[in-house]
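The structure appears right after this line, and notes come after that.
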Amino acid sequence: MAKAKTAFVCNDCGADFPKWQGQCGECHAWNTLSEIRLSGPASKSASVRSTGRSGYAGTTASVQRLEEVAVVDLPRLRSGFDEFDRVLGGGFVPGSSILIGGHPGAGKSTLLLQTLCRLAAQQPALYVTGEESPEQIALRANRLGLPTDQLQLMAETDVDAILASVEALKPRVLVVDSIQVVHSETLTSAPGSVSQVRDCAAQLTRYAKQTGIVLILVGHVTKDGSLAGPKVLEHMIDCSILLEGDHDSRFRTLRGQKNRFGAVNELGIFAMTDAGMREVTNPSAIFLDRSEHIAPGTTVVVVWEGTRPLLVEIQALVDDSSLGNPRRVTVGFEQNRLAMLLAVLHRHGGIQVGDQDVFANVVGGVRVMETSADLALLLAVVSSLRNRPLPRDWVVFGEVGLSGEIRPVASGQERLSEAAKHGFKLAIVPKGNAPKKSISGLKVVPVSRLSEALEACD
Ligand code: TYD
Ligand code: MG
């Protein structure tokens, strides 16, 4: 008999390797490889027998023309939070599966408990908890003053038991918190391993598709922000949403990473309060906590952070230097880049800061690695040097080249939409990023040379 084939799969990113190794070659996590048995040819294929030269015999799947497919426009279920609905593309679509990822303590359980308690008043809903006890959940619901009379609750981690209960209770909305603790007795691998998570999620999503229920899975993310467990989870589900937030901040952002029923660039903002998750209706107030009085030397830039636009404020201070070798100090930027940009400013903008100390800072402890902040940094320097503030509703982005040209950056349209969404009225952008269609409420000033950008600020 042939030896059973095995492979080693990383529990974090799902990459597979023929041999065991201490560190995953893909995501560089340590000690995350576990051995899985590769199944042989599926038994189903026995039903498709080869009949020699004439081709295949066996049951054929039903085939229909696209126009024959019955389209039922099912109404979406509202979560009760406008911010959540917007990220979903207008609410939960019946029969869809949604994955909500986030760090521990981000507020996934709280957000879903609040959502489900409200939804349960209109539809039968079931909350399956694998991490907290029913008492803990009840305590939280009571403390938050949520309606608890309709929501069904179950503490279970066995996927077969979950599906059996779902079959009996027939809920319209099902939450599984979290998918990483769900396991199946029929699989030999350890709970939490890639194959367990993948197969359990596949069983649940298949059931959701067949019965038309809304399935919401909770997933944990790893330190670098990717979804723990196999990447394949993201292929199976219809909608992947990330709940993010710093531990020292009470604000949380909900962002779609994949959505089969809506746009992915939507952002929902919440605040974690002592009364649970609250929607934030005026988000520009958070990222840019700017006072009415804007000091000279500050500009706002839209940077692209991984997969998302982020508005950050840049500050510069230019002051007479008492040193023979004036200082160039940066916090959140690369120092050499500042020196280079100041040289471009002198050579192509005609503005001399050779006898001045220049300090540059990104507000809020953000690190800007991107070149899109070049122009904003230079305009902040000029604003400080001239002691003239830029209007508070201006936003700037663009890369500055060594010959004084302003180069376009990736995802210009998304950056401009983000700025418009946060209430900015004017954007100085590279010519290559000028939008084809005008964006409502936002005036775009396209520039191709540094001198044009400086003129625009005069
Ligand atoms: P939780 O929903 O349990 O996070 P997750 O399921 O994503 O791991 O949220 C827990 C955190 O939220 C915890 O640090 C306490 C805080 N919290 C509040 O600040 N206010 C509240 O009303 C609740 C319920 C939680
Ligand atoms: Mg939780």
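All of the numbers you see were taken from the coordinates with simple rules; none came from a lab. Treat the numbers as computed from the prediction; the structure is a model and nothing was measured. When we count neighbours, we look across all protein chains shown, and the Cβ atoms used for this are built from the backbone with ideal geometry, even at glycine.
Peptides 97-104, 27-34, 118-125 ranked from most to least packed by the mean count of surrounding Cβ atoms within 10 Å: 97-104, 118-125, 27-34.
For the chain, the normalised intensity computed at q = 0.13 Å⁻¹ comes to -1.16 (log10 of I(q)/I(0), Debye sum over alpha carbons, equal scatterers, no solvent). Once the Kirkwood radius over Cα pairs is known for the stretch 76-281, the Stokes-Einstein relation at 10 °C and 1.306 mPa s delivers a diffusion coefficient of 94 µm²/s.
Counting every other Cβ atom within 10 Å of each residue's Cβ, L169, L338 order from fewest to most as L169, L338. Of the peptides 78-84, 67-73, 158-164, 135-141, the ranking by mean beta-carbon count within 10 Å, highest at the top, reads 78-84, 158-164, 135-141, 67-73.
Remark: the stretch 312-329, residue by residue, has Karplus-estimated 3J(HN,Hα) of 10, 9, 10, 10, 9, 10, 10, 9, 4, 9, 9, 9, x, 10, x, 8, 10, 10 Hz, where x stands for each Gly or Pro and the curve is 6.51 cos²θ - 1.76 cosθ + 1.60 at θ = phi - 60°. A crude spin-label estimate for the pair K170 and A271, with each label 7 Å from Cα along the Cβ direction, gives 4.4 nm. Bridges between two residues of the chain, per DSSP, are antiparallel at a rate of about 55%.
For I213, the residues whose modelled amide H falls within less than 5 Å of its own, excluding neighbours fewer than 5 places apart on the same chain, are G95. Phi-derived couplings, Karplus 6.51 cos²θ - 1.76 cosθ + 1.60 at θ = phi - 60°, listed residue by residue for the stretch 413-422: 4, 5, 5, 5, 4, 4, 5, 5, 5, 8 Hz, with x used for Gly and Pro.
Among K108, K170, K437, the order by Cβ neighbours within 10 angstrom, fewest to most, reads K437, K170, K108. With pairing defined as another cysteine C-beta under 4.7 Å, the cysteines of the chain that fail it are C117, C200, C239, C457. Compared with the dominant Cα axis of the chain, that is its longest principal axis, helix 194-211 is turned about 80°. Taking other C-beta atoms within 10 Å as the exposure proxy, T188, T371 rank T188, T371 from fewest upward.
Taking Cβ atoms as reference points and 13 Å as the exclusive limit, the residues near T148 contribute a net charge of +1, counting Lys and Arg as +1 and Asp and Glu as -1.
Based on DSSP H segments of at least four residues, each scored -39500 (n - 2.57), the chain has a per-residue ellipticity at 222 nm of -7000 deg cm²/dmol. Measuring nothing but how far apart in sequence close Cα pairs (under 8 Å, 6+ apart) lie, relative to its length, the chain scores a relative contact order of 12 percent. Counting only residues at least eight positions apart within a chain, or on another chain, the aspartates and glutamates with an alpha carbon under 17 Å from that of K258 are E83, D85, E234, D238, E244, E266, E305, E414. The peptide list 144-154, 340-350, put in order of mean Cβ contacts within 10 Å with the highest first, becomes 340-350, 144-154. Taking a sphere under 11 Å around the Cβ of D160 and counting the other residues whose Cβ falls inside, with K and R at +1 and D and E at -1, yields a net charge of -4.
Model label sites at E370 and Q257, defined 7 Å from Cα along the beta-carbon direction, differ in position by 1.8 nm. Find the all-direction average of the projected area of the Cα convex hull for the stretch 285-457, expressing the result in square nanometres with one decimal place. Directional mean of the projected Cα hull area for the stretch 285-457 stands at 9.3 nm². Backbone amide hydrogens, once placed in the peptide plane, bring A427 within less than 5 Å of V395, K443, V444, V445, excluding anything fewer than 5 places away on its chain. Converting phi to 3J(HN,Hα) with the Karplus coefficients 6.51, -1.76 and 1.60 and the offset θ = phi - 60°, the stretch 84-98 yields 5, 4, 5, 5, 6, x, x, x, 7, 8, x, x, 9, 10, 10 Hz in sequence order, with x at every glycine or proline.
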